[in-house]
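The values are calculated or read from the model by the stated rules, or taken from the named source; none is laboratory data. Just so we're clear, the structure is a prediction, and the values are computed from it rather than from any experiment. Here the Cβ positions follow ideal geometry from the backbone for every residue, glycine too, while neighbour counts run over all protein chains shown. Please note that ligands, DNA and RNA were not included when accessible areas were found on the heavy atoms of the full protein model with its side chains. Shrake-Rupley method; radii C 1.70, N 1.55, O 1.52, S 1.80 Å.
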Amino acid sequence: MALPGTNQEQINSILTLFTNGRFQKALDLIEKLLLDFPNEAILFNIQGACHAELGALDIAIKSYEHAISINPEYAKAYFNLAGTLHEMEKLNDSVKHFKKSLEIEPENEAALNNLGNVYVDLNEHTLAISCYSKALAINPVYYEALYSQGSSFYDLGQLQNAIKSYEKLLKIRPSLVGVRNNLGNIYREIGELDKAIECYRQAIKIDPKFVQAFFNLGIALSETKNFNDAITAYELAITIKQDYFEAHNNLGAAFKEIGQIDKAIISYENSLQINPNYVDAINNYGVALKDIGRLKEAIDAHKRALEIDPESCEHYNSLGVVNMEIGNLDEAVSNYEAAMNINPNYIEALNNLGSVQKDLGRLDFALESYQKALIIQPDYVEALNNLGIVYKELGDIEAAIKSYSKAIAIKPDYFYALNNLGVTYNDIGDFEASIECLNEAIKIKPDYFEALSNHGNLMVDMGNRDEALNSYSSAYKNNPSAKYALGDIIHTKMHLCLWDDFSSEVDQLEKSILKANKTIGPFALLGV
């Protein structure tokens, strides 16, 4: 509407300057008009908008307030004033003025949406969702409100409702790759990994340089155990963004999962070259160093992680694991106890504390640690398995069998518990049950040295030395440096009168004994 004595062309000229970003020029024209029309609210409202765009928010507020003083029913001025107050983080005042704007124009979907945004900043997500829903009732294709509604549903933990909002939004704006990425994150969070992967792939198809989608795709693929595909995704992310230290770290984790420890270490080192204080990479680096026997370096890595993040129970736990490996058992106890001082419910540290107490011969303390872990998480199979080991050492065979069996009932492919249960059944002479358990463990993990060796021992006990030799040979093939492995083979061959390669095997045995390796038992050695 033109002002009295003016024409629409003058107003349009000001609005055109504003739209084109020529805010100071627009202000100059407004100042001229205000000389003739000092009581026109529209001029003060546009003046406020120009000042806001120029960053002069305090002056903008005064202009809006002047417009409102001239016309107390000026909804647009209340709207602009509320937006500026939001930008200045004066949230309660912003709410008040958005509400006043809506009293005058209750069907203004933009005001409803923006009021919702203020409620989000006030952490009032339920009120925010109500505002977005009202905006969408007025304009069902208002994509900003759909996006914000989905985000608020997510913040409230209402993930299915968040999915519905994002999916509606993508029907309106299918090219919004950020929304597809967010939708993938929600699907991943609720365990629907195939849908998550599809969302990330769709985002990448739309934008082949969308690095975050490649990174998240790598995470989802790792969670589905598709580590080779995950490696490809992380490598593509790094190709796009070479300094993406999180992707280098995750790439290392994927390499570790497929047994390529050397490549994992290189990836962790690349991550740390970019960000030397990235504690996740430091911790993972230490774990990988331990796996290849570089124990002192592993200790240094975990200590470095603790220097950066001294309140991390995970880093204390990792340090304890390496100290156990070295034989610093008392140090390991201190590490695990420090972890639990930070988080008393950290079951991994409780379980590991039980293991180190067992190694120290403190079986009652070990038992207590495992039982505490199981109170926190009754289906924690590692603690159930370890509890069975302690019960067996204490001579409570029935309790040991019960613990192993419970672990296997929870996780049928838990080959460690199957092996231990098989050995326990063998000890009490239940050969049939022992065979069943050990065969199942070997079926699940054909290269499992302990199960193969124990199966050989069982076959000896049953008088089936041919089958025992097969098991011992398979065990030795998988771990030729294991204690007594070569001696078991030679001793069994002697019983079977198999003298092929006997001389060379005895030579090999002698060399190993001279190196002080535990290669053969004393009675078997007498026979040789």
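Using the 1.4 Å probe convention, the accessible area of the chain works out to 51 Å² per residue with neighbouring protein chains retained. For the stretch 427-528, the number of Lys pairs separated by eight or more positions or lying on different chains, with C-alpha atoms closer than 22 Å, is 13. Per-residue extension of 0.36 nm, minus the Cα-Cα distance of residue 396 and residue 69, leaves a gain of 109.1 nm for this segment. Per-residue accessible area (protein heavy atoms, 1.4 Å probe) orders 32, 445 as 32, 445, starting from the largest.
Note the full-extension length gain between residue 477 and residue 360 as 0.36 nm times their separation in residues minus their Cα-Cα distance, in nm to one decimal.
39.0 nm
Sparsely packed loop sites in the stretch 48-101 (the GluC sites (Glu not before Pro) outside DSSP H, G, I, E and B with at most 15 other Cβ atoms within 10 Å) comprise 73, 89.
Surface composition of the chain: carbon plus sulfur atoms hold 49% of the accessible area, using a 1.4 angstrom probe and ignoring ligands, DNA and RNA. Report the net charge of residues surrounding residue 256, where surrounding means a beta-carbon distance below 9 angstrom and charges are Lys +1, Arg +1, Asp -1, Glu -1. Taking every Cβ under 9 Å from that of residue 256, the sum is -1. If the cut-off is a Cα-Cα distance under 23 Å, which lysines reach residue 62, setting aside same-chain residues fewer than 8 apart in sequence? Of all the lysines, those that pass the test against residue 62 - Cα under 23 Å, at least 8 places apart if same chain - are 25, 32, 76, 90, 96, 99, 100.
Estimated from the Cβ-Cβ distance and a Förster radius of 35 angstrom, the FRET efficiency linking residue 235 and residue 433 is about 0.15. The count of lysine pairs in the stretch 276-419 whose Cα atoms are under 22 Å apart, excluding pairs fewer than 8 places apart on the same chain, comes to 14. For the chain, rounded, prolate or oblate, judged on the Cα gyration tensor with a ≥ b ≥ c (square roots of eigenvalues), a/c < 1.5 rounded, else prolate if a/b > b/c? It comes out prolate by the Cα gyration axes. When both the stretch 7-28 and the stretch 464-528 are represented by their alpha-carbon centers, they are found 95 Å apart. If you plug the beta carbon distance of residue 326 and residue 159 into 1/(1 + (r/R0)^6) with R0 = 56 Å, you get a FRET efficiency near 0.80.
Comparing Cα centroids, the stretch 75-107 and the stretch 113-175 end up 19 angstrom apart. In the stretch 376-528, taking the dipole from charged Cβ atoms about the Cα centre, the farthest positive-side position among 508, 439, 486 is held by 508.
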